[in-house]
There are 4 protein chains.
Amino acid sequence: MNLVEKYLSIRKYSEELCQPLQAEDYVVQPVVDVSPPKWHLGHTTWFFETFLLKAFSPGYQVYDDNYNFVFNSYYETIGNRVIRTDRGNLSRPSVNDIYKYRSYVDEAMVKFLSDEVGNDVYELIVLGFNHEQQHQELLLTDIKFILGNNPLFPVYHEQKTEVLSPSQNEQRFLTIEEGVYDIGFNGEGFCFDNELNRHKVYLNNFSISSSLVSNEDYIAFIEDGGYKNFNLWHAEGWDWVNTSHIEAPMYWHKINGNWHNYTLQGLKVVDPNQPLTHISYYEAYAFASWKGMRLPTEFEWEVSAKHFSWGERWEWTESAYLPYPGFSKAPGAIGEYNGKFMVNQKVLRGASIATPEQHSRITYRNFFHPNLRWQYTGIRLAK
Amino acid sequence: MNLVEKYLSIRKYSEELCQPLQAEDYVVQPVVDVSPPKWHLGHTTWFFETFLLKAFSPGYQVYDDNYNFVFNSYYETIGNRVIRTDRGNLSRPSVNDIYKYRSYVDEAMVKFLSDEVGNDVYELIVLGFNHEQQHQELLLTDIKFILGNNPLFPVYHEQKTEVLSPSQNEQRFLTIEEGVYDIGFNGEGFCFDNELNRHKVYLNNFSISSSLVSNEDYIAFIEDGGYKNFNLWHAEGWDWVNTSHIEAPMYWHKINGNWHNYTLQGLKVVDPNQPLTHISYYEAYAFASWKGMRLPTEFEWEVSAKHFSWGERWEWTESAYLPYPGFSKAPGAIGEYNGKFMVNQKVLRGASIATPEQHSRITYRNFFHPNLRWQYTGIRLAK
Amino acid sequence: MNLVEKYLSIRKYSEELCQPLQAEDYVVQPVVDVSPPKWHLGHTTWFFETFLLKAFSPGYQVYDDNYNFVFNSYYETIGNRVIRTDRGNLSRPSVNDIYKYRSYVDEAMVKFLSDEVGNDVYELIVLGFNHEQQHQELLLTDIKFILGNNPLFPVYHEQKTEVLSPSQNEQRFLTIEEGVYDIGFNGEGFCFDNELNRHKVYLNNFSISSSLVSNEDYIAFIEDGGYKNFNLWHAEGWDWVNTSHIEAPMYWHKINGNWHNYTLQGLKVVDPNQPLTHISYYEAYAFASWKGMRLPTEFEWEVSAKHFSWGERWEWTESAYLPYPGFSKAPGAIGEYNGKFMVNQKVLRGASIATPEQHSRITYRNFFHPNLRWQYTGIRLAK
Amino acid sequence: MNLVEKYLSIRKYSEELCQPLQAEDYVVQPVVDVSPPKWHLGHTTWFFETFLLKAFSPGYQVYDDNYNFVFNSYYETIGNRVIRTDRGNLSRPSVNDIYKYRSYVDEAMVKFLSDEVGNDVYELIVLGFNHEQQHQELLLTDIKFILGNNPLFPVYHEQKTEVLSPSQNEQRFLTIEEGVYDIGFNGEGFCFDNELNRHKVYLNNFSISSSLVSNEDYIAFIEDGGYKNFNLWHAEGWDWVNTSHIEAPMYWHKINGNWHNYTLQGLKVVDPNQPLTHISYYEAYAFASWKGMRLPTEFEWEVSAKHFSWGERWEWTESAYLPYPGFSKAPGAIGEYNGKFMVNQKVLRGASIATPEQHSRITYRNFFHPNLRWQYTGIRLAK
């Protein structure tokens, strides 16, 4: 695919994800971490407009000056913005307005991409592609949150399953020898700045599971009183369980004695063989403690991932999200992309069924606060 | 008009108020006191369905069992409900779903109203009419809030003005003699339970203004440092001013040195001659103190209102919202209508440009917490 | 008693109230409404120093310039101050320092009071006396809160009972005829500005109980599910019950199936015959609703109080705390005494066992927010 | 020193630290992270009573059953406890009561320690010693907070300086070669479980400063607008700066244009040559970014610390507080000591002038949330 085709294909996929929605579904923001779908559609467009068209396409006419205020996410460099908690209070621009904005920018981008671009600009374009793919992941999980917290439990799509394989493989533990390993990206294509630089890490002997924890495994934890036993939890996790009255993964409801969970196909009985999802790091840690095991570090994961299949669930690791040796931020607004979040978050590795194809890789580092659950998070045990 | 005509006319007016909206405008709830327009449309429908059709129309089929949970406002008697702060998180039922719900209930109601009804049922029907009219008032002020807090300041309707008369009459002070006066409803038609019973009140001599405070008057207060002078405020009002950073009425913005205000016709320069609106009780009190005057009590207002014109602005009074002598709640859910709010609120008298025709009267008592400003509130001075 | 004797007698009583305390008891502030005893001792001293010695005693040397910041309560006119929630964070000035401060100011006051004073100054002196007496009431209830919320339940004083009479009189209902009555102070001695002006009020026929509600009465309310029945409560009261997990009056603990309450004599079994105390207005209202009665208004209370005994419990009324006709604030800091609290509070009438002798009177108006319970509040029913 | 002498010497030092206090200073808790000095004195005593005397000294009579509730800090295993935020609300047990409690337990401990003890018990005793030493550090920093946030700025002790050396050495950068290094405790004496196990870590080439950042260096950062430049901060740090209105290190006040800081010797002009202290991790990170450098990791620090002098300031590292490979919690309450805090905290290395002699070592790991500043924290730069 050339750049124009690639651009159009990525842009189209965002809109396809929204295709099952009604206009009202694009608007709401039930919690601060979830953004309205129309905001995602506008923000990814604003990214191309601001960092490419305004910056490098001479004569480009900004679509609407007010949109910078509405669709800036967190770039302090780019000026004031609607604060994150207020995104769900905005009925305008309407969904139609935003689709018009997308068309306008797409047209300009297609023209822009048809010409030769320099290396710097090329890197920004590819960043824009990856940026929109990251938002596609959020788009799907945010849509799930919006529908799954509605008392009517509307179906997103009858055919959209949340698993890749019908059931989990049998669990085996792979053993890795201690020694010095190389960590970090060193391929040819795109990577984020937080995957650089490639560097050496010393690992001790460890074993890691070939498969993810299943719903069945987790139900055993619940039934054994896992949520009632402070000894399994971090102090902050225990606080969170009690303050937020947590008794099960997100989207789980006990109806007439049976666990159900909301899925993109609607409310269903929990399938015991499917991989567990929608648990926080705190729960992942408590479950591993209960098993007498632990979560892998992100380095253990990266070294062993070629030996098992991954990509259905984002996997919590024990690692805190920190810069690699020699990490440095890009200058300007693009430098705000990753580095400024490197405190108080945990690394997730892998990918999930919400991740667009070819977006992840073995060195990819995702990160969230330890209490968050609305991504397709899962658990892989180590010891 | 017979009951069916009256019913249809009131129902139609709610929908007319929403006619200028886009689907997205029906959904959002920027602050807890404002409800999404689609919620108002559903809730008023639910009121007729619950208290009339389900209760008195044999064989009526409930439209959707889940709607009771979604559209119950505060009736503890009627079961669980979506908590008020979460109304803006619900994308479903969609706007179309709600219009279908309205049609379904309207059809059943027309049939129901075509038959003879008993006196008790008649009273409930009229309560349902007045209930929907109250929500029409909120519908307009909630719409104004949703649009007026959007950074794009969308116009609601080019022709919808917020004043009845082009400018305020000259101010005169009417003097009322001290003595015993009768207060409370004693007419023939409908009134709310909080207007009963008619009873005697002793009033001292007082004077009351024939006109409302104008924008010009209030700008003088601002320019004289009214918002900076603690001496003019209640302790709680002063706290509110400082904590909420209040410097002007709601919807006012100082742009290039000139006061503008958002109106249903969009953002406009403040007209100095129009009656002031969108101020809290705290501000009304502080303004009156600055003038060396005070607000009237609700009894003073009721006794003198026949001598001046009113109906453009809800007028803050000095009176707390309390039961009249002999007040008693109706049994059941209807008894939750008014009585349970009779603490920590202030009485407003009159009506506003958002009030449907023939909905208010001289004995009508509205009430809000002293910090609220999104209604068309105003000030009439007394001394 | 001459002025000097009166001054010394009032000042001494504050210190007597603190005599049973240990130094640590003077320091803490478990909730915002409760002030540390040492703060009361300092603040009442600061009042005399600021409004009399600094203002009218030429050559008076201020004891410590920093104390104005520490001991100012809410007088905006007098400059910045420690915010109320922070009073319990101050270990200095120490208790000894404050007793030295009291001695220093007392000496200067005795000298000052020995000379002739003008009428204005005389009124301020008497206000200072009444001000210190108001704080004596708070001193005792704040001490009770500090000790009664300590898990060791320390005894304040073995001999300090909380009742005046061994048990309640039999309940009778007094009937008062409808008509115009005079309300407000018109005696010779001191009164607060909020008791003025004397004015006419029209009252309907009503009956009022000769006695207070007893603990036994209230236990019946609890056992009948009073705290579980939303129908008895204001909406805000119901919220408060649920958010604060209220199930009994303040200081009540159910131990082995029996109600105990913390008293100044320590933790005791609840005496069924004693008058109920430590309930909020919300609870008073709910109890009255449960009885099918109501609370009296402050005017009903004032008109009928000569016919029953009062003074053991502050009695909640249905009246909101509002200005009397013609009320005006004094100029300057003294004007901040009462007027600025006239919103969102309820009037209490009578006095309690914490009230110093001769401090209350039939026209005295106390006021608190409707959720507060740490005063010796009680209930008298009306109908 | 034998065990009894060691015990008595440690216990005495806690009381010496409190010797300059007045009774009131023992009681208050201005913020949740600071505990009242009397609580520290009681809690360390409770630790010996609970984990040694009650567990291993047959016939020991518990001093007061209620003290378990009052002095348990966070051990869920040991039962309910006063929640941390409420510690400052307790006037009882009084300071005298707690000194009596200390004497009682000391007497029993001396007797207990005079006999032979098994290895397990010996380890618990040494843990008790180290536990009390940790609280000595907090005792001093908590006392500083209590006095330093009092508007009277009382002096703790005229002779207690906060620096070990009169001024900082000249700054040099030490360079360490890349390679595999051993990390973690492997000596003979006591260490905490979080320092185990000794394991290999791969380090890249790095340079680390021989000296700490001075006040002068930091004033340059302030004057260059460091607190106004979002680019230097983590997103959460920037939030913290703005929400908490941070403009300088804790205890710094600009008076007449000059920076002053509260010290144990009272309010003083900031000495430009002394090592900076009382800054959060967020500030440490922002300062390092401004310098174009970074903070060392805890491994870099441990490998290089033998080459520079340390011990005046706790030094923030870039490392998150995480378990070492093979870390496992001890069974029972002692297992709650460290492991359950291993999320969302940053590691500090070294020691400070508040650290008791011989309490720290090169492998010692301290940890705090990134916003906290009341310890004697400092900055050592790396690159």
Subject >> Exposure proxy ranking, count of Cβ atoms within 10 Å, fewest first, for D:H199, C:H40, D:H43 >> reply: D:H199, D:H43, C:H40
Original post:
Which FRET efficiency, nearest 0.05, do C:K100 and C:E16 yield, Cβ-Cβ r, R0 25 Å?
Top reply: 0.85
**OP:** Could I have the simple spin-label model distance between D:T161 and B:S210, label points 7 Å from Cα toward Cβ, reported in nm to one decimal?
**Re:** 8.3
**OP:** Quick one: grab the alpha carbon gyration tensor of chain A, order the square roots of its eigenvalues as a ≥ b ≥ c, and give me rounded if a/c is under 1.5, else prolate or oblate depending on whether a/b is larger than b/c.
**Re:** oblate
Subject >> Candidates B:L53, B:L152, B:L196: whichever shows maximal mean-square fluctuation once chain B is modelled as a Gaussian network with Cα springs under 10 Å >> reply: B:L152
Original post:
Which value in deg cm²/dmol, rounded to the nearest 500, describes the helix-derived mean residue ellipticity at 222 nm for the protein assembly as shown, given -39,500 (n - 2.57) per DSSP H run of n ≥ 4 and division by the residue count?
Top reply: -10000 deg cm²/dmol
Original post:
Setting aside same-chain residues fewer than 8 positions from C:K54, which lysines have a Cα under 16 Å from its Cα?
Top reply: C:K111
Original post:
Under a straight-distance cross-link criterion of Cα-Cα below 13 Å, which aspartates and glutamates are reachable from D:K306, leaving out those fewer than 8 residues away in the same chain?
Top reply: none
Subject >> Distance between modelled label sites at A:A55 and D:D64, nm, 7 Å Cα→Cβ extension >> reply: 6.6
**OP:** Within 10 Å of each residue's Cβ, count the other Cβ atoms and sort D:E162, A:E76, C:E223 from fewest upward.
**Re:** C:E223, A:E76, D:E162
**OP:** Show which aspartates and glutamates lie in cross-link reach of D:K100 when reach means a straight Cα distance below 14 angstrom and same-chain residues fewer than eight apart are skipped.
**Re:** D:E15, D:E49, D:D64
Original post:
Which of these, C:F206, C:F145, C:F129, has the largest mean-square fluctuation under a Gaussian network model of chain C (Cα springs below 10 Å)?
Top reply: C:F206
Original post:
Which FRET efficiency value, to the nearest 0.05, do you get for D:V117 and A:F308 by plugging their Cβ-Cβ distance into 1/(1 + (r/R0)^6) with R0 = 51 Å?
Top reply: 0.55
Subject >> the protein assembly as shown shape via C-alpha gyration tensor axes, a/c threshold 1.5 >> reply: oblate
Original post:
Okay, which of region B:180-220 sit inside 18 Å, backbone N to the point 7 Å along the Cα-Cβ direction of C:N197?
Top reply: B:180, B:202-208
Subject >> Exposure proxy ranking, count of Cβ atoms within 10 Å, fewest first, for D:R84, A:R102 >> reply: D:R84, A:R102
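Only the coordinates and a few stated rules stand behind these numbers; no lab work does. For clarity, every value in this text was computed on a predicted model and none was experimentally measured. For neighbour counting, all protein chains shown are included, and Cβ atoms are generated from backbone atoms with ideal geometry for every residue, glycine included.
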